[in-house]
Amino acid sequence: MEKINRSNTEFSHRLPIKIVQFGEGNFLRAFVEYAFQELNKKADFNAGIAVVQPIDRGLVNMINDQDGLYTLFMKGVKKGEEIQEKELITNIVKAVDPYASFQEFLALAKEEELEFIISNTTEAGIEYIASDNASMTPPVSFPAKLTVLLHERFKHFNGDKSKALTIIPCELINYNSDTLKEIVLKYSDDWNLGEDFKSWLTNDCSFHNTLVDRIVPGYPKDQIEEYNSQLLYKDDLIVSAESFFLWVIEGDDKLKAKLPFEKTDLDVKIVADMQPYRTRKVRILNGAHTAMVPFSLLYGNETVKETVDNAFTGAFVNKAVFDEINETLNMDRAELTSFAEEILDRFRNPFIKHLLSSIALNSISKFKVRVLPSLTGYVDVHKKLPVHLTFAFACLIRFYKGTWKGENLPVQDSEDIVSFFNGLWTSDDYNKIARLTLQNKNFWDEDLTEIPSLTDSIAKALEEIDANGVEQGFINFQKQLN
């Protein structure tokens, strides 16, 4: 089969460059390119994307070899029904390597129709590197490269306000845009780029915090023959993703007018404050993942799908989410229920094998951020402990013993945390184990023994787990707690 490119397809027309995107990896190609392709189709948005490789190695050559074309496969479950779709993505106009061609990178700043900067350079990408300077071709950090590009545009168009850009980072850190803007302004000061440029950045350009959510396994190397069998061309850039899509962007009516996503079927929310949506995701999606891992591994499951499909563990996760986690969130109840149902559909996705062991990394710190606020929030609201989250907490502590029924458990954490539990589990005093774990402020930033009855309840749960296993142990524990 012939490799796909614009000469052997109907997509010879190249769109005007309205978007410069830092990052060419699987996530952006399955998320941002897909979103803007939907805008092009449904809202006549007519936007092409120029992709910038943010580090000195990447996919630029492969992308240009296929003239920016590639196939996106989307698979998932919605309301119990399996969904399988594929789409040829056609909106990448060019890919640029600033390390190989810095002048081509600078030329992007002079594009007349350019409106947006999008990025995903990993969580570590939004960083300040003091040694970066304006004479480097290019500077090392993404914010420094962005500063160079913005300053070049400012100079080329003589500070024209109408040529200011909308910057929408997608890196997975909270307040991603605020952090990026702060670093760009710092480089502007470091490099003495002038007050007029700073004013243009601050008053005319706009920066928008975001939350992105879509699982993107990427290139399906283990099933590549199955995927290729569905195509009439050779594609080295196939990317697979789940069907679920959520993009929350902080912005006002001006941004809604610039990005008319309401004309598409995509779940893109442009809101004044994205923090409630971030909290919802962290508590429900990430919280359910973190709560289920030790509990489900001790039960005997290996994957997320097995967990939610099993009669006992699935009912446990459902109760933890709908009856306990959702009870702590100050959002519309119907919206929370709908979101939680979508999350459980995602967990059931038969096309993604999500191993519990792969989620087990750093479970203590994850529990503190993702689950503990739901547990303490439930206590604040109901003046009693949440049964399922409390039992999940006990399973977490038992998990860190490192062995279960003669087998090693996939404990992956820092040396000091592993050492703490190794020393702790030399004792068989469950009250002592519960008390020393709960009062460890290095783990939780607070003394959890101050929560009424939590220490005794964790100790009882630990005893039940060891004596009777997870299922019968939970049944007994539930009777005692109620």
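Nothing in this text is a laboratory measurement; each read-out follows from the coordinates by a stated rule. All figures in this text were calculated on a predicted structure; none of them were measured in a lab. FYI the Cβ positions are ideal-geometry reconstructions off the backbone, even for glycines, and counts take in every protein chain you see.
Roughly speaking, what % of Cα-Cα pairs in region 6-271 are separated by over 30 Å, rounded to a whole number? The calculated P(r) of region 6-271 puts 27 percent of pairs beyond 30 Å. Orientation-averaged projection of region 241-291 equals 4.3 nm² [convex hull of Cα atoms, one quarter of hull surface area].
Here the ratio of the Cα radius of gyration of region 94-175 to 2.2 N^0.38 Å is 1.10. Close amide H contacts of residue 167 (hydrogens built in the peptide plane, cut-off under 5 Å, sequence separation of 5 or more or a different chain): 117, 206, 207, 208. Approximating the spin labels as points 7 Å out from Cα along Cα→Cβ, the residue 6-to-residue 198 distance works out to 4.1 nm. Given H placed on each backbone N at 1.01 Å, which residues far from residue 269 in sequence or on other chains put an amide H within less than 5 Å of it? Here the answer is 247, 248, 249, since their amide H atoms fall under 5 Å of that of residue 269.
Only bridges with both residues in the chain count here: give the DSSP antiparallel percent, nearest 5. Beta bridges within the chain, antiparallel portion: roughly 35 percent. Between the helical axis of 415-424 and the longest alpha-carbon principal axis of the chain there is an angle of about 10 degrees.
Once the Cα atoms are used to define both axes, helix 333-347 deviates from the longest principal axis of the chain by about 90 degrees.
Helix 372-382 axis versus longest C-alpha principal axis of the chain: approximately 60°, rounded to the nearest ten. Normalised by 2.2 N^0.38 Å, with N the number of residues, the alpha-carbon radius of gyration of region 137-254 equals 1.43.
Counting DSSP beta bridges in region 6-271, what percent are antiparallel, to the nearest 5? The answer is about 35 percent antiparallel. The order of the peptides 57-68, 266-277, 219-230, 4-15 by mean Cβ neighbours within 10 Å, most packed first, is 57-68, 266-277, 4-15, 219-230. Cα centroids of region 243-271 and region 419-455: 44 Å apart.
If one computes the Cα centroid of region 93-127 and of region 289-303, what distance in Å separates the two points? Using only Cα atoms to place each centre, the spacing works out to 42 Å. The Cα trace of the chain gives Rg and Dmax of 25.1, 75 Å, the first to one decimal, the second as a whole number. In this structure, the residue pairs whose Cα-Cα separation is over 30 Å, taken from 145/441; 263/368; 86/305, are 145/441; 263/368.
Structural descriptor for the chain: relative contact order 13 percent, calculated from alpha carbon pairs under 8 angstrom and at least 6 residues apart. Placing unit charges on the Cβ atoms of the charged side chains and taking the dipole of region 275-481 about its Cα centre, the candidate lying farthest along the positive direction among 468, 451, 363 is 363. For the residue pairs 79/256; 319/460; 42/94; 254/366; 269/366; 186/353, the alpha carbons lie more than 32 Å apart in 254/366; 186/353. Farthest towards the positive end of the charge dipole of the chain, among the residues 35, 53, 90, is the Cα of 35, using unit charges on the Cβ of Lys, Arg, Asp and Glu. Restricting the calculation to Cα atoms, region 286-431 shows an Rg/Rh of 0.97 when the hydrodynamic-style radius is the Kirkwood one.
Spatially, region 1-77 and region 342-365 are offset by 28 Å when compared through their Cα centroids.
The string of couplings for region 109-121 from the Karplus curve (6.51, -1.76, 1.60, θ = phi - 60°) is 5, 9, 5, 4, 9, 4, 10, 10, 10, 10, 8, 8, 10 Hz, one whole number per residue in order, with x for Gly and Pro. In the chain, the DSSP-assigned H stretches of four residues or longer account for a calculated mean residue ellipticity at 222 nm of -13000 deg cm²/dmol, using -39500 (n - 2.57) per stretch and the full residue count as denominator.
Per the Debye calculation on region 425-482 with a single equal scatterer at every Cα and no solvent contribution, log₁₀ I(q)/I(0) for q = 0.13, 0.30 Å⁻¹ amounts to -0.35, -1.12.
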